[in-house]
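Accompanying notes for the structure given below.
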Amino acid sequence: SKNIVITPLNKRSKENLKTDKVDKIRTCFTIRENAVVPPGNKTVYIRIARPDDVILSSGVNLFEFQGEQIVFTASREVQYENVDIELCIFWTNDGQLTPGTYKVNIYADSNEIGSTTFTLK
């Protein structure tokens, strides 16, 4: 994936980097055209790790990665047709945020397809 943009949003959908003001975290990115991946319905998963490495999650969200069940933050179904696809995935803050640097990993078809970091105050 490319062009990964993480935007913490307040209740009015404006960017805000203060943990007590964040209502949602928006993760937008482009899934690259890739002739190796067969077209069809894909589930894309994101994992957002807090500065203390705890994965932000709502309920029991698990998917298989390299033979293990691992926790994910949010997911979205996409129809992949071997062309670049842009999409955003949202996670609603339920009070788990702490100040510091977060790591975001993106997965599809049991592969990690991108990662980035962002910082909250």
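The values are calculated or read from the model by the stated rules, or taken from the named source; none is laboratory data. From a predicted model like this one, the values you see are computed outputs, not experimental measurements. No Cβ is skipped: glycine too gets one built from the backbone with ideal geometry, and neighbour counts run over all protein chains shown. Calculation scope for accessible area: heavy atoms of the full protein, side chains included, ligands and nucleic acids excluded. Shrake-Rupley method; radii C 1.70, N 1.55, O 1.52, S 1.80 Å.
A few notes on this one:
- So Tyr80, is it surrounded by 17 or more Cβ atoms within 10 Å (Cβ to Cβ) and modelled with pLDDT of 90 or more: no
- Contact map, region 51-63: first residue in contact (Cβ under 8 Å) with a residue 12 or more places away in the chain, second residue open to solvent by 60 Å² or more (accessible area, probe 1.4 Å), Cβ cut-off under 6 Å, separation 6 or more or different chains; pairs are Pro51/Thr101.
- Members of region 27-40 that are touching a residue at least 12 places away in the same chain (Cβ under 8 Å) and either within 11 Å of Leu97 (Cβ to Cβ) or open to solvent by 70 Å² or more (accessible area, probe 1.4 Å) (or both): Arg32, Glu33, Ala35, Pro39
- Residue within region 11-20 that is in contact (Cβ under 8 Å) with a residue 40 or more places away in the chain, of a type outside the set (S, T, N, Q), under 18 Å from Thr98 (Cα atoms) and buried (at least 18 other Cβ atoms within 10 Å of the Cβ) present: no
Quick grid of which residues meet (1) surrounded by 14 or more Cβ atoms within 10 Å (Cβ to Cβ); (2) in contact (Cβ under 8 Å) with a residue 24 or more places away in the chain; (3) farther than 22 Å from Ser13 by Cβ:
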site: Gln69; (1), (2), (3): no, no, yes
site: Arg76; (1), (2), (3): yes, yes, no
site: Ile85; (1), (2), (3): yes, yes, yes
site: Thr98; (1), (2), (3): no, yes, yes
site: Thr101; (1), (2), (3): no, yes, yes
site: Asn105; (1), (2), (3): yes, yes, yes
site: Gly114; (1), (2), (3): yes, yes, yes
site: Phe118; (1), (2), (3): yes, yes, no
site: Lys121; (1), (2), (3): no, yes, no
